[in-house]
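Remarks on the structure that follows.
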Amino acid sequence: SRVSHLNKSIAEIEAALQLLLKLKVDYKGATGQDYQAGSPPAENMDESGNRSIADGADDDTVDPWNVSTTSAKGVDYDKLIVRFGSSKIDKELVDRIEKVLGQKPHRFLRRGIFFSHRDMHQVLDAYEKQKAFYLYTGRGPSSEAMHMGHLIPFIFTKWLQDVFDIPLVIQMTDDEKYLWKDLTLEQCHHYAVENAKDIIACGFDINKTFIFSDLDYMGSSPEFYRNVVKIQKHVTFNQVKGIFGFTESDCIGKISFPAIQAAPSFSNSFPQIFGGKQDVQCLIPCAIDQDPYFRMTRDVAPRIGYPKPALLHSTFFPALQGAQTKMSASDANSSIFLTDTPKQIKNKVNKHAFSGGKDTVEEHRQHGGDPDVDVSFMYLTFFLEDDEQLEKIKQDYRSGALLTGELKKILIDTLQPMISEHQERRTQVTDEMVQQFMTPRPLNFRY
């Protein structure tokens, strides 16, 4: 009986050991870290960057490469705030920005298009004490043609640059596109320069803006590269696997790329602008799908002695076919390109823009349309400046007084001049101007 008792104990110990090993594997899967006794995971898991961004049982997929949802209203952004662990841009914050600036906030803030933030109150606290900060945003140049959705962060960043009167760095990740897409290095670099023309056409101040291609700047700036290496040393493969979903068959360039997107968040990556200063706060306006990069950055920053960058997140610009996906440059019919003619804009909106209206005029007059799923109305929330006019359109569409065709016409009349003016400004951007914007140099600002 003693032997059978011993065998039973061994079996129990083995079972417990198997369970422990399984729990360790589960722990590593959930956190991206090996389990260590007496060392619990960080409470703010959102910022340790070790929680997979594709978690959450809902039907929204949001990561730097894919955005989709099953809802015609689009991604549930309130759920996304909880999932990513950021903070909502509430009325209190919008009012505070208005008070600090002494002017009306941008329509993107008033309408919740920029809806989430990290540490924006801290940026405003410092600004009120005359402590400056700088802006950083970027673009992955995968084709010559940019579309309306690509302009959203740049329109807002231009406003921020104007109202706060601060420097801006814009990263063109031509290296990223080479690693992810079937393109040559030369194509990626060419797209970076072409896209820079569209960005410059948004009206950025040449004396306060530095646009750089990674393929050019990384090789010419020891300070920038040193920061990349510091970041690389402090992020494990398990962490980036957890954050970005990399697999063992991904090329090693992809695995180390997040460090390159993180480096502009630190002021001493730009000695020509900030001298040796490494404590100038950075504010990053970007679409919410880029947040995983900066969760990782914010986790690393204190460990390498730098301030965490603050963020302002925007919603996605919906595809013409509906808010289930964001506008994509690879599908010509889902997008309104910055190169489209007035006729193309009119045809695309009339033919492809998803409607929240009813099937017949009679039905629509009786029951009204649904502006929450109507793509034409969604686009007007981005581009129509007048809040009262927008509210009236919404009420009229809901009541049935405004028909889908009439709503589409309002959108066409809004977009056509806007895109024509952009095209006109772009033709005035010379190669010399691009060269000037993209040359590392001191900017007209003193810290």
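The values are calculated or read from the model by the stated rules, or taken from the named source; none is laboratory data. Just so it is clear, the structure is predicted and the values come from calculations on it, not from any experiment. In this analysis, Cβ positions are derived from the backbone assuming ideal geometry, glycine residues included, and neighbour counts consider all displayed protein chains. The area values use the complete protein model at the heavy-atom level, side chains included, leaving out ligands, DNA and RNA. Shrake-Rupley method; radii C 1.70, N 1.55, O 1.52, S 1.80 Å.
Here are the numbers:
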{"quantity": "Residue of Cys282, Cys251, Cys202 that the Gaussian network model of the chain assigns the largest fluctuation, springs spanning Cα pairs under 10 Å", "calculated": "Cys251"}
{"quantity": "FRET E, pair Lys73, Asp95, Förster distance 22 Å, beta-carbon r, rounded to 0.05", "calculated": "0.25"}
{"quantity": "Listed residues Met120, Met418, Met172, most fluctuating in the chain (Gaussian network, C-alpha, under 10 Å)", "calculated": "Met418"}
{"quantity": "Reach of Lys131 by Cα under 13 Å, taken over aspartates and glutamates that are not fewer than 8 positions away in the same chain", "calculated": "Asp165, Asp279"}
{"quantity": "Nearby lysines by direct alpha-carbon distance to Lys408 (threshold 17 angstrom, same-chain neighbours under 8 apart not counted)", "calculated": "Lys343, Lys346, Lys348, Lys351, Lys358, Lys392, Lys394"}
{"quantity": "Antiparallel DSSP beta bridges within the chain, as percent of all bridges there, nearest 5", "calculated": "40"}
{"quantity": "222 nm mean residue ellipticity, helices alone, for the chain (DSSP H n ≥ 4; -39,500 (n - 2.57); rounded to 500)", "calculated": "-15500 deg cm²/dmol"}
{"quantity": "Fluctuation leader among Thr173, Thr360, Thr137 - the chain, Gaussian network, Cα springs under 10 angstrom", "calculated": "Thr360"}
{"quantity": "Distant-in-sequence amide H partners of Phe317 (H built 1.01 Å from N, under 5 Å)", "calculated": "Met327"}
{"quantity": "Straight-distance crosslink candidates among lysines, where the alpha carbon sits under 21 Å from Lys241 and sequence neighbours closer than 8 are dropped", "calculated": "Lys22, Lys24, Lys28, Lys177, Lys181, Lys230, Lys233, Lys254"}
{"quantity": "The chain: DSSP helices with Cα axial extent of at least 20 Å and average Kyte-Doolittle hydropathy no lower than 0.5", "calculated": "148-164"}
{"quantity": "Packing-based order for 75-83, 429-437, using average beta carbon neighbours within 10 Å, highest first", "calculated": "75-83, 429-437"}
{"quantity": "Options Leu17, Phe156, Tyr225, ranked by Cα towards positive dipole end of the chain, top entry (Cβ charges)", "calculated": "Leu17"}
{"quantity": "Whole-Å distance, taken between Cα centres, linking region 106-155 and region 167-206", "calculated": "18"}
{"quantity": "Relative contact order (%) - criterion: Cα under 8 Å, at least six apart; region: the chain", "calculated": "19"}
{"quantity": "Net charge dipole size for region 209-351 [Lys, Arg +1 and Asp, Glu -1 on Cβ; Debye, nearest 20]", "calculated": "240"}
{"quantity": "Check: region 105-219 dipole with +1 on Lys, Arg Cβ and -1 on Asp, Glu Cβ, in debye", "calculated": "600"}
{"quantity": "Average accessible surface area per residue within region 76-170, 1.4 Å rolling probe, Å²", "calculated": "38"}
